[in-house]
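Colleague: Got a structure for you, written out below as structure tokens; questions coming shortly.
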Ligand code: A2P
């Protein structure tokens, strides 16, 4: 079944409350991961780190899933990073999109992984696994992040080495970017590990925190609620286990209306 359509075909039948946008580029990383960029509606505003509902028309009905926006708030296009689930109701179709195809996007962004939900600090850790890196792809390209923190540590753990490629490209692009590179090159640290293949650094981020190896490798003191801040995005299990370690270290969970020392993605779908 081909559910893909062109924007002009969908405009007339666009579901209420949704934008119809056009895919500009698609890049496949592995058989489980790809990224795409699409047009951004002129009226669409969001804060770096937020997510939005992305969808396609399937059997005449819109089907949506939550996607973190991977591009920063100043970018004129929107970028997303997606898994491919062979029988996934949405991603089995979405993985086939090509430039020129239409994608639906609901009009209201939301989310907890925003700079506003953290109290000021010295160092921010962005803990991610798999596609959980997406909101951080937005935040590490936002000058506000570097204004707020002296050091920005992006950790990314994946099952396989090939899955790290998106993050590696992203960090290189960020450091080489004429606008954001100035801030990023002195403050951004990319810390990767792999759990199911050989790689110079192995293990889950939770184990690297517990053993103290993370801090040893980075040359920084252990987590300290006076100066360290955290943001967490990954599977439900990873969120729960990482959150417990931050709480053990004395950090409190914050929210948009009550900023504190760390925040957890509340709508991430793995
Ligand atoms: P592992 O290979 O040991 O399961 P997934 O694709 O399942 O979301 O996993 C992405 C990465 O997150 C993998 O490296 C995986 O390690 C790791 N991971 C899975 N569960 C947890 C958890 N509870 N805490 C920390 N890391 C986890």
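Colleague: Output the residues belonging to region 110-124 that are closer than 14 Å to residue 50 by Cα and surrounded by fewer than 20 Cβ atoms within 10 Å (Cβ to Cβ).
Modeller: Within region 110-124, 110, 116 meet the criteria.
Colleague: Quick one: which residue in 167, 212, 230, 181 is away from the ligand (no atom under 11 Å from the Cβ) and at positive phi?
Modeller: Residue meeting the stated conditions: 212.
Colleague: In region 233-261, what count of residues is obtained for those that are closer than 13 Å to residue 127 by Cβ, more than 9 Å from the ligand (Cβ to nearest atom) and buried (at least 17 other Cβ atoms within 10 Å of the Cβ)?
Modeller: Number of matching residues: 5.
Colleague: On to the next question. Contact list please: Cβ distance under 9 Å, first residue in region 221-247 and free of Cβ contacts under 8 Å to residues at least 12 places away in the same chain, second residue near the ligand (Cβ under 9 Å from one of its atoms), pairs at least six apart or on different chains.
Modeller: Filtered contacts from region 221-247: 244/206.
Colleague: Which condition number does residue 140 fail, the rest of (1) under 21 Å from residue 265 (Cβ atoms); (2) in contact with a helix residue (DSSP H, G or I) (Cβ under 6 Å, 6 or more places away or on another chain); (3) surrounded by fewer than 20 Cβ atoms within 10 Å (Cβ to Cβ) being met?
Modeller: Only one criterion is unmet by residue 140, namely (3).
Colleague: Identify all residues within region 83-100 that are surrounded by 20 or more Cβ atoms within 10 Å (Cβ to Cβ) and assigned to a loop (DSSP other than H, G, I, E, B); write none if there are none.
Modeller: 95
Colleague: Let me ask something additional. Taking the criterion of being under 30 Å from residue 58 (Cα atoms), at pLDDT 95 or above and either assigned to a loop (DSSP other than H, G, I, E, B) or within 16 Å of the ligand (Cβ to nearest atom) (or both), would at least one residue in region 148-157 satisfy it?
Modeller: no
Colleague: Here's another thing I want to ask about it. From 133, 140, grab the single residue that is touching a strand residue (DSSP E or B) at 6+ places or on another chain (Cβ under 7 Å) and touching a residue at least 60 places away in the same chain (Cβ under 8 Å).
Modeller: When all the criteria are applied, what remains is 133.
Colleague: Residue 147 is checked against (1) touching a residue at least 40 places away in the same chain (Cβ under 8 Å); (2) more than 19 Å from the chain's Cα centre (by Cα); (3) surrounded by fewer than 16 Cβ atoms within 10 Å (Cβ to Cβ) and fails just one. What number does that condition carry?
Modeller: The number of the failed condition is (1).
Colleague: Has region 212-220 got any residue that is in contact with a strand residue (DSSP E or B) (Cβ under 7 Å, 6 or more places away or on another chain) and under 27 Å from residue 109 (Cβ atoms)?
Modeller: No: zero hits.
Colleague: Out of (1) farther than 12 Å from residue 48 by Cβ; (2) away from the ligand (no atom under 16 Å from the Cβ); (3) part of a helix (DSSP H, G or I), the odd one out for residue 131 is which?
Modeller: Single failed check for residue 131: (2).
The values are calculated or read from the model by the stated rules, or taken from the named source; none is laboratory data. Just so we're clear, the structure is a prediction, and the values are computed from it rather than from any experiment. Methodologically, a virtual Cβ is constructed for each residue, glycine included, from the backbone with ideal geometry; neighbour enumeration extends over all protein chains shown.
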